[in-house]
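Below you'll find the structure, written out as structure tokens, and then a few comments.
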Amino acid sequence: MRTPLGQVRGLGAAGSGTDHFWLQRLTAVSNLVLSTVFVGVLVSLAGDSHASVVATLSNPIVAILMLLFVISVVVHMRIGMQVIIEDYVHAELPKLLLLMGNTFFAIVVGLSAVFALLKISFGV
């Protein structure tokens, strides 16, 4: 004899929602700190020459902070859009396509920004 609980066990995402919740909150807090640093760097570079901007972004500490900012923002963006898509798109095929597009978009944006920062940082 099988109980209804035994029939549904293992068929859903039970428990994985808290991972998304905490990752969303963690990236939100890191975005607060890293956004402050990002804005500070932008303000300090306002009106400077291209060479000065490249020199500042070539500093390892600034480059690492900018990379952390990009990664945190992209992860936060992907999770936020995933939640919105899951909540408001009810048809399965469009939901699946939008979730895939969201993930690919986040990967492309993140890798492009990381590539640009690394290229500037290493002076290539």
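The values are calculated or read from the model by the stated rules, or taken from the named source; none is laboratory data. Since this is a predicted model, take the numbers as computed values, not measurements. No Cβ is skipped: glycine too gets one built from the backbone with ideal geometry, and neighbour counts run over all protein chains shown. Protein only, heavy atoms only, side chains kept; ligands, DNA and RNA dropped before computing areas. Shrake-Rupley method; radii C 1.70, N 1.55, O 1.52, S 1.80 Å.
Things worth noting here:
- Region 48-65 residues that are more than 11 Å from ILE120 (Cβ to Cβ), paired with ones that are part of a helix (DSSP H, G or I) and open to solvent by 40 Å² or more (accessible area, probe 1.4 Å) (beta carbon under 7 Å, 6 or more apart): LEU65/VAL37
- When ASP48 is tested against (1) more than 19 Å from LYS119 (Cα to Cα); (2) at pLDDT 95 or above; (3) open to solvent by 50 Å² or more (accessible area, probe 1.4 Å), exactly one condition is not met: (2).
- For the residues SER72, SER121, SER30, SER49, the requirement of being of a type in the set (Gly, Ala, Ser) and out of contact with any Ser or Thr (no Cβ under 6 Å at 6 or more places or on another chain) singles out SER49.
- Filter result for MET81 (farther than 22 Å from LEU117 by Cβ, open to solvent by 40 Å² or more (accessible area, probe 1.4 Å), touching a helix residue (DSSP H, G or I) at 6+ places or on another chain (Cβ under 7 Å) and modelled with pLDDT of 95 or more): yes
- Scope region 82-101; condition closer than 17 Å to ASP19 by Cβ and of a type outside the set (Asp, Glu); matching residues: GLN82, VAL83, LEU99
- Within region 91-114, residues that are among the basic types (Lys, Arg) reach partners that are surrounded by 13 or more Cβ atoms within 10 Å (Cβ to Cβ) and outside any helix (DSSP H, G or I) with beta carbons closer than 9 Å, at six or more positions or on different chains, in the pairs LYS95/VAL89.
- Some residue of region 92-111 being touching a helix residue (DSSP H, G or I) at 6+ places or on another chain (Cβ under 6 Å), modelled with pLDDT under 95 and open to solvent by less than 80 Å² (accessible area, probe 1.4 Å): no
- Condition met for VAL74 (over 22 Å from ASP19 (Cβ atoms), in contact (Cβ under 8 Å) with a residue 24 or more places away in the chain and among the β-branched types (Val, Ile, Thr)): no
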